[in-house]
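Before we start, here is the structure in question, set down as C-alpha cells.
The values are calculated or read from the model by the stated rules, or taken from the named source; none is laboratory data. Predicted model only: the values in this text are computed from it and were never measured. Because the Cβ atoms are built from the backbone with ideal geometry, glycine has one as well, and the counts that use them run over all protein chains shown.
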Amino acid sequence: MRRGHRIGREPVGAYGGYQAIARDPATGFFLGATEKRKDGAAAGF
C-alpha cells in the first residue's frame, strides 16, 4: 500500500490453481500436490 498498490479481497475461486512436484534431497523421494479445486493429479512412477 505504501507503494501505491491497492489491497483488497478476491472472491474464492477468482485466482489460478497449481500443481507441484518436489524432490527431497535427503531421501530422494518425490512429493506431489495439486490444487483440489482444479483438474489435476500427482502421480509417481
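Can you pull out the residues in the range 1-43 that are among the small types (Gly, Ala, Ser), surrounded by 10 or more Cβ atoms within 10 Å (Cβ to Cβ) and either part of a loop (DSSP other than H, G, I, E, B) or touching a His at 6+ places or on another chain (Cβ under 8 Å) (or both)? Full working, then the answer.
Our first condition is that a residue be among the small types (Gly, Ala, Ser); within the range 1-43, this holds for 4, 8, 13-14, 16-17, 20, 22, 26, 28, 32-33, 40-43.
With the extra rule that they be surrounded by 10 or more Cβ atoms within 10 Å (Cβ to Cβ), the set shrinks to 17, 20, 22, 32-33, 40, 42.
Matches in the range 1-43: GLY17, GLY40, ALA42.
Say whether the condition of being in contact with a Phe, Trp or Tyr (Cβ under 7 Å, 6 or more places away or on another chain), of a type in the set (A, V, I, L, M, F, W, C) and at pLDDT 75 or above is met by at least one residue in the range 25-34.
no
Any residue in the range 24-38 that is in contact (Cβ under 8 Å) with a residue 12 or more places away in the chain sitting within a Cβ distance under 6 Å of a residue that is part of a loop (DSSP other than H, G, I, E, B) and among the hydroxyl-bearing types (Ser, Thr, Tyr)? List the pairs, counting only those 6 or more apart or interchain.
Listed pairs, sorted by first residue: GLU35/TYR18.
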